[in-house]
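**Student:** Shown below is the structure under consideration.
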Amino acid sequence: MSDPTLPWHADTRVLHDDAALADEASVVAPIHYSATFRARDAAEFAEMANRPRHAAYYTRYGNPVHERVAAILAGLEGTETAMLTGSGMGAISTTVLALVSAGDHVVAQTRHYMSTAKLFDEVLPRFGVSATLVEQSDVEAIRAAVRPETKLIMLETPANPTLVLTDLGAVATLARERGITTVCDNTFASPLNQQPHALGIDIVVHSATKILGGHHDLTAGAICCSNDLAEKIWRMHITLGSVLSPMDAWLLLRGLRTLALRVERINANALQLARWLEAQPQVERVHYPGLESHPQHALAKRQMKGGGPVIAFAVKGGYEATSRFVAALQLPTHAVSLGGVESLIVHTAAMWAGTMNEAQMRAAGIPPNFVRFSVGLEHPDDLQRDLAQALSRSENNR
């Protein structure tokens, strides 16, 4: 790991923070594709078996590639350590289950990634853990939801898919005063755009499948926190077994090497396109933290360095016009996920129709004409031309 006392920029850290962990002469880290690792004698085996998160004992416990990725992520998020899981939901579920027990209470948001919402709505109550969901933009509502038995506050900002923000510093302060652990899903921002731990949040989680990996070719999760919390979460992790394969860990390591360059370009592309979309007569409304029109733009400027890849907007003409618009696009791929090199787009109401009815979607701020657009690395002028022709078709076919 590079010297933490030196003021390296993120562009440098993603290339060098794992250098001290190299145990070979190759410039590029090798893939340690082994489920288990050899001990020289009984004493070494005992040490390997009993040291938490050993990187070369058994890959469910840890792996040398995991260790290198974790060193970079901890450096980017400003935490003592980090650990990896097989998916973003693996990171979230493992973290939450490690921190709560029957009789505990959790405060979460009304707007979360749908599987996170199901964890609080459907899974935790089966094990005697209650959850109160509140409007995340209202810090006083979060404060009012806290009970004596509250052990955890779960945050996600910007939230999927509405891009509503949570005041991380304010929530961290009220939680710390009451001894409550805070967790923030930082997937939509990435540590290049937002550092929740620096604002007082205890644990930062990611779907590393998204911006961190950046190439739509892996599934992974990350948990960034203190050593003490990591050991507690790791013990739950080895029981639940959400293990990241060495190959996916290596792909994640490779993706992190270009993270700073990708995020800088994607931020610029997304802001240009959000401003352009806002001026189009076929667009009803645009949601993007970098826009001055975002109702929480002042908060975004305080706690974010960039708006991230995702633009949410509503197309005039309702569900059918929105479907025509998405179908007419040539460059963005009609697919889930976000934060990769290629632009992706989904008609949000169509994507969530199988898990939420129309009333539930409207309550979550998702109208029938809502679109989630993850901006990639294509030239922004080309994306703009494609959006223009698709919007024209949605309007002309009404």
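**Student:** Tell me, what does the Kirkwood hydrodynamic radius of segment 179-221 come to in angstroms if you use every pair of distinct C-alpha atoms?
**Tutor:** Numbers: mean 1/r = 0.0914 Å⁻¹.
Final number for the Kirkwood radius of segment 179-221 is 10.9 Å.
**Student:** OK, next. So what is Rg over Rh here for segment 1-154, counting just Cα atoms and using Kirkwood for Rh? The partial results should precede the final answer.
**Tutor:** Values: Rg = 19.9 Å, Rh = 18.6 Å.
On the Cα set of segment 1-154, Rg over Rh gives 1.07.
**Student:** Now, a different point. With a point put 7 Å past each Cα toward its Cβ, work out how far residue 177 is from residue 115 in nm, to one decimal.
**Tutor:** Going from the residue 177 label point to the residue 115 one covers 3.6 nm.
**Student:** Please state the charge dipole magnitude for segment 1-147, taken about the Cα centre, from unit charges on C-beta atoms (+1 on K and R, -1 on D and E), reported in debye and rounded to the nearest 20.
**Tutor:** Numbers: 12 positive and 18 negative charges, 99 e Å.
In total the dipole reaches around 480 debye.
**Student:** Expressed as a rounded percentage, what relative contact order does segment 1-111 have, with Cα pairs under 8 Å and six or more residues apart? Display every interim value, and only then the final one.
**Tutor:** Working: 85 pairs, mean separation 22.6, N = 111.
Relative CO of segment 1-111 lands at 20 percent.
**Student:** Which value in nm describes the separation of the simple spin-label points at residue 22 and residue 285, placed 7 Å from the Cα toward the beta carbon?
**Tutor:** Inter-label distance under the simple model: 5.1 nm.
**Student:** While we're here: With the other protein chains left in place, how much accessible area per residue, in square angstrom, belongs to segment 1-135 at a 1.4 angstrom probe? Walk me through the intermediate numbers first.
**Tutor:** Numbers: 6540 Å² over 135 residues.
Roughly 48 Å² per residue, with all protein chains present.
**Student:** Another question, if that's okay. What would the Debye formula give as log10 I(q)/I(0) at q = 0.06, 0.13, 0.14 Å⁻¹ for the alpha-carbon point model of the chain, no solvent?
**Tutor:** Each listed q maps to, in turn, -0.24, -1.09, -1.24.
**Student:** Let me ask something else about it. Starting from the Cα of residue 151, draw a straight line to each of the lysines and keep only those under 17 Å, dropping any in the same chain fewer than 8 residues away.
**Tutor:** Within the straight-line cut-off, residue 151 pairs with 232.
**Student:** Please give the calculated 222 nm ellipticity per residue for the chain, where each DSSP H segment of at least 4 residues contributes -39500 (n - 2.57) and the sum is spread over every residue; nearest 500 deg cm²/dmol?
**Tutor:** Working: 15 runs with 156 residues, N = 398.
For the chain, the value works out to -11500 deg cm²/dmol.
**Student:** While we're on this one: Sticking with the crude label model, points 7 Å out along Cα→Cβ, report the distance from residue 389 to residue 350 in nm, one decimal please.
**Tutor:** 1.9 nm
**Student:** While we're on this one: Which percent of the Cα-Cα distances in segment 253-347 go past 23 Å?
**Tutor:** The share of Cα pairs beyond 23 Å in segment 253-347 comes to 30 percent.
**Student:** Further question: Only four residue types carry charge here, +1 at the Cβ of Lys and Arg and -1 at the Cβ of Asp and Glu. Report the dipole size of the chain about the Cα centre in Debye, rounded to the nearest 20.
**Tutor:** 520 debye
**Student:** Among 166, 273, 322, whose Cα sits farthest toward the positive end of the charge dipole of the chain (+1 at Cβ of Lys/Arg, -1 at Cβ of Asp/Glu, about the Cα centre)?
**Tutor:** 322
**Student:** Shifting gears a bit: So if each residue of separation counts as 0.36 nm, and I subtract the Cα-Cα distance between residue 333 and residue 217, what length gain in nm does that give?
**Tutor:** Difference between extended and current length: 40.3 nm.
The values are calculated or read from the model by the stated rules, or taken from the named source; none is laboratory data. Only a predicted model underlies this, so the values are computations on that prediction, with no experimental measurement involved. Methodologically, a virtual Cβ is constructed for each residue, glycine included, from the backbone with ideal geometry; neighbour enumeration extends over all protein chains shown. The protein model used for the area step is the full one, side chains on, heavy atoms only, and it has no ligands, DNA or RNA in it. Shrake-Rupley method; radii C 1.70, N 1.55, O 1.52, S 1.80 Å.
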